[in-house]
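Undergrad: I am attaching a structure below and will ask some questions about it afterwards.
Computed from the coordinates by the stated procedures, all read-outs in this text should not be read as laboratory data. Treat the numbers as computed from the prediction; the structure is a model and nothing was measured. FYI the Cβ positions are ideal-geometry reconstructions off the backbone, even for glycines, and counts take in every protein chain you see.
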Amino acid sequence: MIENKIIIEEYNKYRCAHIRYADFFINIFIDNCSKEELEYILKFLRKVIVDENYSLQGISWVLHNIEWYGQGYYIRNNLIRDEELEKIVKRCFSCNESLSIRNALLLLDELDRYNEKILVILEKENNLKRMAYWIENVDKNTGYALSRIVNDYFINKRLNTKLLFSYVNIDKLLESINQCHYKAIWHISNLLERLLYAIKNKEVNSKIISKIDIEVLAEKMRSVRFWCVILLINQLITL
């Protein structure tokens with residue numbers, strides 16, 4: 001695989017040239033391995049997902065693409081024990097840089113498919129406060145990933161949206177929206193739509209919407225991608 005440039009070695013680390021190659025290889029291997037080999041890959045993947053030499057983005061890709069059926073189902077049911085879950089969550093919530101936060105959110109979004117105790121962990125006060133802080137400071141990197149977390153956990157899994165939002169500084173959130181880069185508008189609109197849907201409080205929603213400076217956002221987009229502003233306006237109107 002190295003000779004064919006499917007896997008690339010750099011600085012004593014390995015990365016895939018393209019995620020599709022990795023998906024194909026992992027699932028073909030899992031489907032065709034013996035019982036002994038299956039246990040081996042299970043132990044190997046456990047080491048990978050808690051090894052800080054591997055990127056959070058890469059780990060989230062692996063977890064996302066292990067198949068639901070066949071022997072992949074066995075991997076999904078047995079891969080992340082409580083000890084691995086604790087280490088992964090700790091690493092995710094320690095992220096501070098924008099891209100790292102995005103990757104941490106994408107990884108967190110995969111975890112309930114492997115260990116449902118993530119639902120209990122996410123509702124701990126310190127984790128909700130951290131999530132609220134990320135929402136307040138939403139940007140072009142984190143907007144879509146935050147919208148997935150809100151949708152998958154706080155809407156679909158019915159985690160405590162009211163408690164989460166109680167930790168959000170609305171003024172800071174509005175500042176992040178109104179001062180965002182034009183490339184962030186589409187991503188933030190996804191978060192805002194999901195967040196306001198989850199809150200389901202017309203008074204609070206109206207307060208937030210009324211303080212979004214659509215004219216400023218439109219001006220940022222006028223010479224670039226005006227459709228993003230149209231999308232944002234449309235989402236706000238439907239709420």
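Undergrad: Counting each DSSP H run of 4 or more residues in the chain as -39500 (n - 2.57), what helix-only mean residue ellipticity at 222 nm follows after dividing by all residues, to the nearest 500 deg cm²/dmol?
TA: Values: 15 runs with 154 residues, N = 239.
The helix contribution divided over the chain gives -19000 deg cm²/dmol.
Undergrad: Can you pull the three principal axis extents for the Cα set of the chain, in Å, largest first?
TA: 60, 40, 31
Undergrad: Now a separate question. With labels modelled as points extended 7 Å from the Cα through the Cβ direction, what inter-label distance (nm, one decimal) is found for N160 paired with K90?
TA: 2.4
Undergrad: Please report how far the C-alpha centroid of the range 23-42 lies from that of the range 93-124, rounded to the nearest whole angstrom.
TA: 26
Undergrad: Would you mind classifying the range 1-121 by shape? Square roots of the alpha carbon gyration tensor eigenvalues, ordered a ≥ b ≥ c; an a/c under 1.5 is rounded, otherwise it is prolate if a/b is larger than b/c and oblate if not.
TA: Working: a/c = 1.88, a/b = 1.13, b/c = 1.66.
It is oblate, given that a/c is not under 1.5 and a/b is not larger than b/c.
Undergrad: Follow-up. Quick one: putting +1 on the C-beta of Lys and Arg, -1 on the C-beta of Asp and Glu, what dipole do you get for the range 37-89 around its Cα centre, in Debye to the nearest 20? Don't skip to the answer; put the middle values down first.
TA: Values: 6 positive and 9 negative charges, 12 e Å.
The dipole magnitude comes to about 60 debye.
Undergrad: Peptides 115-122, 56-63: what's the order by average Cβ count within 10 Å, highest mean first?
TA: Result, highest mean Cβ count within 10 Å first: 56-63, 115-122.
Undergrad: With a cap of 10 neighbouring Cβ atoms within 10 Å, and only residues DSSP puts in a loop, list the trypsin sites (Lys or Arg not before Pro) found in the range 129-197. All intermediate terms of the calculation are to be shown ahead of the outcome.
TA: Details: sites: K129, R130, K140, R148, K157, R158, K162, K172, K183, R194; in loops: K140, K157, R158.
Qualifying residues, ordered by number: R158.
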